[in-house]
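Asks: Can you read through this structure? Questions will come right after.
The values are calculated or read from the model by the stated rules, or taken from the named source; none is laboratory data. The structure displayed is predicted, hence computed values, not measured ones. Accessible surface is based on the protein model in full, side chains and every heavy atom, while ligands, DNA and RNA are left aside. Shrake-Rupley method; radii C 1.70, N 1.55, O 1.52, S 1.80 Å.
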Amino acid sequence: MLCVSDVGLLSKADEQRVTLQASLDMTAAFDCVDHLLLLMPLQWKFGLEKMALEWMTSFLIGRTQQVAYIGQLSLILPVLYGVPQGSVLGPLLFMLFTTELHDVVTKHGVTLHQYADDCQVYASTPVPDVQLAIDRLSRCMADVVTGLMEEAFDLIRATLRSCGWARSSVLTE
């Protein structure tokens with residue numbers, strides 16, 4: 001959760017400014033990231049190639065899980081989704097996967113505070129301008145939802161095309 005000192009909320013209040021915050025619930029997204037959809041932007045957007053990309057692939061692909069409950073073990077099943085938690089790379093991979101979020105927030109002149117799936121967007125404004133800041137933050141949140149959905153659909157389209165599963169007449173740009 002956002003810490004008061006992280007964004008200088010106390011100093012903003014001392015300056016007679018109001019700080020508005022919108023929290024994004026990205027918890028489920030952390031568990032639902034498709035490994036292949038995560039690897040593609042690492043190559044396309046961030047330029048990972050050869051050894052680095054192979055290393056990331058081996059980190060994500062081929063994981064399994066098993067549950068122990070009251071002395072009984074479940075079947076060993078493959079883990080096809082989610083960023084491995086408890087690792088140093090987990091939060092970094094998730095933030096790389098959600099870079100579009102930072103771009104959208106910055107465009108609206110508000111600030112993003114993010115650590116892995118814990119995301120808050122905030123704006124600080126003088127008291128007389130509160131309604132303008134509310135409108136700006138609302139537009140930002142609407143664009144965040146739209147932008148993240150569009151990026152997800154673009155990645156899905158690219159995956160389908162690369163796998164030969166899509167007909168060009170079905171998927172449009």
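Asks: Are any residues in the stretch 76-101 over 12 Å from the mean Cα position of the chain (by Cα) and under 11 Å from residue 61 (Cα atoms), and if so, which ones?
Replies: 78, 79, 80, 81, 84, listed by residue number.
Asks: Another question about this same structure. Just checking: which of the helices (runs of 4 or more DSSP H) contained wholly in the stretch 1-119 hold 3 or more residues that are open to solvent by less than 80 Å² (accessible area, probe 1.4 Å) and within 28 Å of residue 130 (Cα to Cα)?
Replies: Those helices (runs of 4 or more DSSP H) span 9-14, 99-107.
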